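What follows is a set of notes on a single structure, which appears directly below.
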Amino acid sequence: MSELRITAIRALQILDSRGYPTLRVQLEIDTGAVFEASAPSGASTGAHEAVELRDGGTPFSGRGVTGALASVTGEISNLLTSRPWVSQRELDEALCALDGTGNKSRLGANALVAVSMAAARGFAAGTGHSLHTWISQALGRAERLPVPHFNVLNGGQHAANALAFQEFMIAPVGAATYPQALEWGADIYHALAATLRTRGLATGLGDEGGYAPEISSPEEALDLIVSGIDAAGHRPGISEVAIALDPAANSFFQDGSYHLNGRHYTPSQMVSYYGKLLDNYPIRSLEDPLAEDDAESWPELVSALGGRAQIVGDDLFVTQAARVTAGIRSGSATAVLIKPNQVGTVTETLETLAVASAGGFTAMVSHRSGETTDTFVADLTVGSGCGQLKAGAPARGERVAKYNRLLEIADSNPALPYGLAILSGEGDTDA
C-alpha cells in the first residue's frame, strides 16, 4: 500500500444544516491532491459519545468551533505533516494518542473525525479504489446498496411540536433496486405532504427534513404515514414499504418512567406499548426504544420483541466497540447504529462494525441532525455491506447529497446488489 504524505492541512469554520458552526478540513498530499471532509453534529446525543469541542461565549450562541479549528491547524497539522503514514489505523491511533483522553475532549471529536475521514479518502485514492471499495476491502465485506430509511415525520428534539418520538421513517424494502427505492421514497414523501394538507396540518420541516405537524401521539403519526404510503400507490408492509421508528427515549425518560401520551409508563409497560404498535403497524425497526440509563430493561424488550423487529442501540452504544461487546453479551439489542463522529475516527468506526457483525448484530449507518453535504456515510454504508442507511428525508440538500451519492455508486456499479443484509465474520480493520 502506498504511503500517505500529507504536506498541508487547512480547516474552515462553516455552517451546518441547523445554522451552527462545524469544521471542514482539507488535507493536501505530496502529489498536490486535496481530500476534504466535514464534521456533522447531533442534537440528540448519548452521554458516552466522543466530545465535540465548542467555544462557549457569545459568538454563534457559544457553538463556535474555532478551538477545534486551532487543534487541526496546530497540533494535528504538526503531527500529520511530520512523517508519512502507512495506514489509516496508524494515523488514527496517532490522533488518539495526541488527544490523550478517552473521549477526544482535548482536541475535540469534531476535529478528529473530520481529519480521519479526509485521510480515509486519501488512503482510498492511493489504492486506486473508490472510498466504498476501500472500506469493503478493509472490512472484508461484500459491497451492497442499502435500503434507505427516509425520515418523513419529525418530533422530539428534532421538531417544535408535541410529538415525543423523534423520527418516523419509511423503508422501501420491496423495491427491486436502489433507484426504485429512492423513487418510492420521494413519491411517498410528497403524498404525505398532500395528506397533511388535506387534514389541515402544517407541512413545515424538522431538523432532518421530515414534516413536523402539530400532532402529539405516535399512533396519529403512524396513521398519517400509512395513509401517505397508500396515497402514493404503494402497500404498507414489512416486505413492501416498512416503517422504522427512532423514539429516542432518553428525551422522555425521567425518574425511572417514560412520559408519553399524557401518562407515565414503567419500562415493562413501554415494552407492552411497543408490542401493540408492532401489532397494528408494519414496523421493522425500533431505535433507542428505551433510555440508555434504563439499560437493565433492554434485554426484556429484546426477549419480547427482538424476533419481530430490529432493536437498534444508538445512545446505548454510541458507535463504541466496547459498549457493543457488552450489549451483545447482555442481549440488550439486535443491531447498532453507526455514526463516525460518536467515536471520533474511521478506524474505531470500522472496529465497531466488525465487533457487531462478529456478535450477530446487524448495523445501520446514520447521518446526524446537524449535517453538511459531506457524503462519507453513503460510501461507508455501501462498503460495510450493512444494507441500511438513514440520512433524513428525500429533501434538503444536506440529506439528498447522501442519497444522490448512492445513485452515483449504483450507476457506476450496476452489478451491486440492493437490500437488507446481515453481516458475518470479524473482518479486518487494518486499512
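Nothing in this text is a laboratory measurement; each read-out follows from the coordinates by a stated rule. Just so we're clear, the structure is a prediction, and the values are computed from it rather than from any experiment. Cβ placement follows ideal geometry from the backbone for every residue including glycine, while neighbour counts extend to all protein chains displayed.
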Karplus 3J(HN,Hα) series, Hz, for the stretch 9-23 with 6.51 cos²θ - 1.76 cosθ + 1.60 (x for Gly, Pro): 10, 10, 9, 9, 7, 10, 9, 8, 5, 9, x, 9, x, 8, 9
Any lysines whose Cα falls less than 19 Å from that of Lys104, other than same-chain ones fewer than 8 residues away, would be Lys339
Only helices counted: for the chain, with every DSSP H run of 4 or more residues adding -39500 (n - 2.57) and the sum spread over all residues, [θ] at 222 nm is -11500 deg cm²/dmol
Between helix 109-127 and the chain: long-axis angle, C-alpha atoms, 0 to 90°, nearest 10: 70 degrees
Compute the angle between helix 267-280 and the longest alpha-carbon principal axis of the chain, please, reported from 0 to 90 degrees and rounded to the nearest 10. 70 degrees
Order these peptides, 173-183, 257-267, 376-386, by their mean beta-carbon neighbour count within 10 angstrom, highest first. 376-386, 173-183, 257-267
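What is the calculated FRET efficiency for Glu214 to Arg106, with r their C-beta to C-beta distance and R₀ = 35 Å, to the nearest 0.05?
Calculated value: 0.20.
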For the stretch 351-377 and the stretch 1-50, distance of Cα centres in Å: 17 Å
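As an exercise, find the ratio Rg/Rh for the stretch 108-197 from alpha-carbon atoms, using the Kirkwood inverse-distance average for Rh.
Value, to two decimals: 1.12.
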Two-site FRET efficiency, Arg308 against Leu12, from Cβ-Cβ distance with R₀ of 51 Å, rounded to 0.05: 0.65
What fraction of the DSSP beta bridges in the stretch 137-419 is antiparallel, stated in percent and rounded to the nearest 5? 45 percent
Would you mind checking the tilt of helix 178-198 against the longest principal axis of the Cα atoms of the chain, expressed as 0 to 90 degrees and rounded to 10? 50 degrees
Quick one: length gained pulling Ser61 to Arg197 fully straight, 0.36 nm per residue minus the C-alpha distance? 45.5 nm
Give the residue from Gln13, Phe35, Ala50 lying farthest towards the positive end of the charge dipole for the stretch 1-85; charges sit on Cβ (+1 for Lys and Arg, -1 for Asp and Glu) and the dipole is referred to the Cα centre. Gln13
If you build the convex hull over the alpha carbons only and average its shadow over all orientations, what do you get for the chain? Give it in nm² to one decimal. 19.2 nm²
Using DSSP to call loops (not H, G, I, E or B), can you name the GluC sites (Glu not before Pro) in the stretch 190-273 whose Cβ has at most 13 other Cβ atoms within 10 angstrom? Glu214
